[in-house]
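To start, the structure under review is shown below, and the notes come after it.
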Amino acid sequence: MLRSTVINPRQPVGLQELAALAAVAHSSLGPDKRYKFIQDDTSGESALVCSCFRIFENLELSSAVAQLVHETVQAQQKVYNTGSGCLLFLAGAWSRAALECVHRGISVSRIISGMSDGFDICVDVLRKCSISTEGLGAVKSNSSTTTRHGLGLQVSKEPVTEDSRASSVGHKTLNTSGHRKIKLSRYFCQPESKNVSTAPQPHQLFNVAHIAEGLSHGSVRAMNLVVEAVKLQSETHQDISCSTFDVTKVVTCVVPGLPEERACVLPGCIVLLSDEQASVAHHLKDQPLKAALINGDLSHTFRHLGFSRPAGVQHVSEQLALGSDEEEVWMVKVVALLLNLEVNLILVSGLASEKVIQHCCRRRVLVVDTVKASILKAFADATAGVPVTYATQLTKHCVGTGVKVELRRDLGGGSERKSSTAVNISTGGNSGLFTVILTSCVRGKLQALEDQFWACAYRLHHALKDRAVLPGAGATEMLCIHHLRQRAVTAYSTQDSTAGGAADLDGGVVLHLMADGLIDYISTVMVNTGRVSKVRARTVVSQQLQEQNGHVDIAAKLSQLVLEGENEDSDLKSHETDVYDNVSVKQEAWRKALDLLFLVLQTDAEVITGVDQAIGAQENLMML
């Protein structure tokens, strides 16, 4: 993977690898995502991806740094479903900053201390420039219009001005400790920060669509589906406000062979089943079904994590036991138990073996596997069922009731989906489940479309949960750059008048280089729009930094440059749109980027690798 990168053995090898790996994220930044084909030289198979998370998922990672990067990206994606591109880019940009610091003779401890101070400065900026969603989302109910992207938005007659933004600057939305501690764990998940805010007044209507439009980041069609899911969710449950969005009650179903315009949101849990399973569903339609919920795999070899048998260990006994006989005995026992409990439907969070599915189909018992754990819990709450780990644990008290299945012939995907049928599993509307149908005539795009939907869904979810957003389109980064440079100038000016002058000078260099990394981030996003060159982008950013003087009004100017051309309709271009970022997502992505950098930097400092013996002898290096 790093064959095209020249690694200098006289510099920290880990930091160079990290910077090279981070280059993968460049094309996945900004609203205009670029698709990449990844081809397997051995099998000839290829994958179409447009996010750094999927890129790393399809690459063969051989080095320790690459594995560490992948785990960090996975941790970010698992919790937030977005922000991994920003994380990886800044990890690379700040790795180059750390390399420059090492080249200038700055010690590792001072690099870590300076970057930790820089992160604290940035967190303080995030706290001060955050905008409360109460002011953005609460609008008068008699003002209604439609956004330029057709999100069905309700808008106040009084637009959000810079003064109203400034009034929310003091609103604290972040919790941060005084000085950061270096995390050396391979896993970077931490509890999310809790934010306190005031809910909108009863006489006001929460304008979730306006916030959603600002968080769409170019994925307008995907965000339309998210807004539709929010509206349906609030209409189904009157106790749920539009100011919240429960992503655990949403599931996606990808259907190839249909145009992308056929994408929609439907109530219930819709899954694609084989013809054999669909025939069972057809027999069971319009009947109240009894459901068994299995939290794990449905197979005779499955053991939950506490009882997983070690691989490659053979057990020798006096009596010969054939695996096939054991499986057959187990299957007969399970099927007999299901028939005795009159179970018609089995929902499995893991995988179900083909033999089990075939046996159950012959007895008109429908088996649906790979059901999300949150969806399984929703069915448990709606049907009074109890999920069990093993099918043999089922009793009459564990079986849920009131489930219905319905065939959706209208979701057939043409010739590509002749072997699959869409089936809607619901509980009469009391489960609150909704399925987002994602369609495309290009099968390879389905994974990317699904990723875009979940990124939009979680951006809106976290914005409503944080009850605050940040100015987007590079405005927040510009403010951080401004404050980092100010602190660096202060360090330069005080180095001669204080006892720790050298430390202050080193700290100023580190802060200045961190700011350069953020400038590189903004300019790369602008370059990815395809309308400006790298030189032009950096020139524009430098000019705006001189003009802004630490104010957030830079957002409107930069958003025009970053998002220009997103919609080719000239009438729509004239309308400005606010762009927002997530508070918790951005803060966590930056924190993970620094944690990753510090871990690699300290490892490079403590373990000497890749130094040529001849070079060491010539320069009198002490070899360990």
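Compute the FRET efficiency between residue 40 and residue 374 as 1/(1 + (r/R0)^6), taking r as their Cβ-Cβ distance and R0 = 35 Å, and round to the nearest 0.05. Don't skip to the answer; put the middle values down first.
Working: r = 33 Å, r/R0 = 0.94.
So, using R0 = 35 Å, E works out to roughly 0.60.
What number comes out for accessible area per residue over the range 92-138 if the probe is 1.4 Å? Units Å², please. Before the final figure, lay out the partial values.
Working: 1460 Å² over 47 residues.
Per residue, the range 92-138 has 31 Å² of solvent-accessible surface.
With a 10 Å radius around each residue's Cβ, average the other Cβ atoms per peptide and rank 82-88, 478-484, highest first. Please list the in-between numbers first.
Working: 82-88: 27.9, 478-484: 23.0.
Descending mean neighbour count gives 82-88, 478-484.
Would you kindly derive the ³J(HN,Hα) couplings of the range 382-399 from the backbone phi angles with the Karplus curve 6.51 cos²θ - 1.76 cosθ + 1.60 (θ = phi - 60°), listing them in order in whole Hz, with x for Gly and Pro?
7, 10, 6, x, 10, x, 10, 7, 10, 4, 5, 7, 5, 9, 5, 7, 8, 7
Just to verify a number: what accessible area does residue 469 come out at with the full protein assembly present, 1.4 Å probe, Å² rounded to tens?
Only protein atoms counted, so the area is about 0 Å².
Report the calculated FRET efficiency for residue 533 and residue 236 (r = Cβ-Cβ distance, R0 = 51 Å), to the nearest 0.05. List each step's numbers first, then the result.
Numbers: r = 50 Å, r/R0 = 0.98.
In this case the efficiency is close to 0.55.
Loop only by DSSP, 13 or fewer other Cβ within 10 Å of the Cβ. Give me the GluC sites (Glu not before Pro) in the range 44-87 that pass, ordered by residue number. Walk me through the intermediate numbers first.
Working: sites: 45, 57, 60, 71; in loops: 45, 60.
Those satisfying the criteria are 45, 60.
Can you tell me the length gained on complete extension of the stretch residue 363 to residue 260, counting 0.36 nm per residue apart and subtracting the Cα distance?
Values: separation 103, 0.36 × 103 = 37.08 nm, distance 3.76 nm.
Using 0.36 nm per residue and subtracting the Cα-Cα distance, I get 33.3 nm.
Tell me which residues come under 5 Å, amide H to amide H, from residue 255 once H is placed; ignore anything under 5 positions away on its chain.
438, 439, 440
Using a 1.4 Å probe and counting only protein heavy atoms, arrange 110, 127 so the residue with the most accessible area comes first. Let's see the in-between values first.
On the way: 110 95, 127 55 Å².
Order by accessible area, largest first: 110, 127.
Under a point spin-label approximation (7 Å from Cα along Cα-to-Cβ), what is the residue 67-residue 109 distance to one decimal in nm?
The two pseudo-label positions are separated by 3.1 nm.
Run the accessible area of the range 1-136 with a 1.4 Å probe and give the carbon-and-sulfur part as a rounded percent. Please list the in-between numbers first.
Values: 2680 of 5720 Å².
Percent of accessible area from carbon and sulfur atoms in the range 1-136: 47.
Non-local amide H neighbours of residue 408 (under 5 Å, H modeled in plane, Pro and chain starts lacking H): which ones?
Amide H neighbours of residue 408, under 5 Å, 5+ apart: 422, 423, 424.
What ³J(HN,Hα) values, in whole Hz, does the Karplus curve 6.51 cos²θ - 1.76 cosθ + 1.60 give for the range 19-35 when θ = phi - 60°, with x put for Gly and Pro?
These are the phi-based 3J(HN,Hα) values: 5, 5, 5, 5, 4, 4, 7, 4, 6, 9, 8, x, x, 9, 6, 9, 7 Hz.
Under 10 Å from the Cβ of residue 400, count the other residues' Cβ atoms, weight Lys and Arg +1, Asp and Glu -1, and hand me the total. Display every interim value, and only then the final one.
On the way: positive: 290; negative: 381.
Net charge in that neighbourhood comes out at 0.
Note down the accessible area of residue 246, probe 1.4 Å, to the nearest 10 Å².
50
If amide hydrogens are placed 1.01 Å from N in the peptide plane, which non-local residues have theirs closer than 5 Å to the one on residue 63?
Result for residue 63 returns nothing.
³J(HN,Hα) across the range 254-261 via Karplus (A = 6.51, B = -1.76, C = 1.60, θ = phi - 60°), whole Hz, x for Gly/Pro?
Once θ is set to phi - 60°, the couplings for the range 254-261 become 9, 10, x, x, 10, x, 5, 5 Hz.
Could you calculate the contour length gain from residue 406 to residue 381, that is, 0.36 nm times the residue separation minus the distance between their Cα atoms, to one decimal place in nm? Spell out each step's value before the answer.
On the way: separation 25, 0.36 × 25 = 9.00 nm, distance 2.05 nm.
The residue 406-residue 381 span can extend by a further 6.9 nm.
Among residues other than residue 295 whose Cβ falls under 15 Å from its Cβ, what is the net charge (Lys/Arg +1, Asp/Glu -1)?
Values: positive: 303, 372, 377; negative: 297, 369, 381.
Summing Lys/Arg as +1 and Asp/Glu as -1 gives 0.
Tell me the net charge near residue 384. Cut-off is 13 Å between Cβ atoms, residue 384 excluded, with +1 for each Lys or Arg and -1 for each Asp or Glu.
On the way: positive: 290, 377, 396; negative: 381.
With Lys, Arg at +1 and Asp, Glu at -1, the net is +2.
The values are calculated or read from the model by the stated rules, or taken from the named source; none is laboratory data. In this text, all values refer to a predicted model and were calculated from it rather than measured experimentally. Reconstructed Cβ throughout: ideal geometry from the backbone, glycine too, with neighbour counts over all protein chains shown. Areas reflect the complete protein model, heavy atoms only, side chains present, ligands, DNA and RNA absent. Shrake-Rupley method; radii C 1.70, N 1.55, O 1.52, S 1.80 Å.
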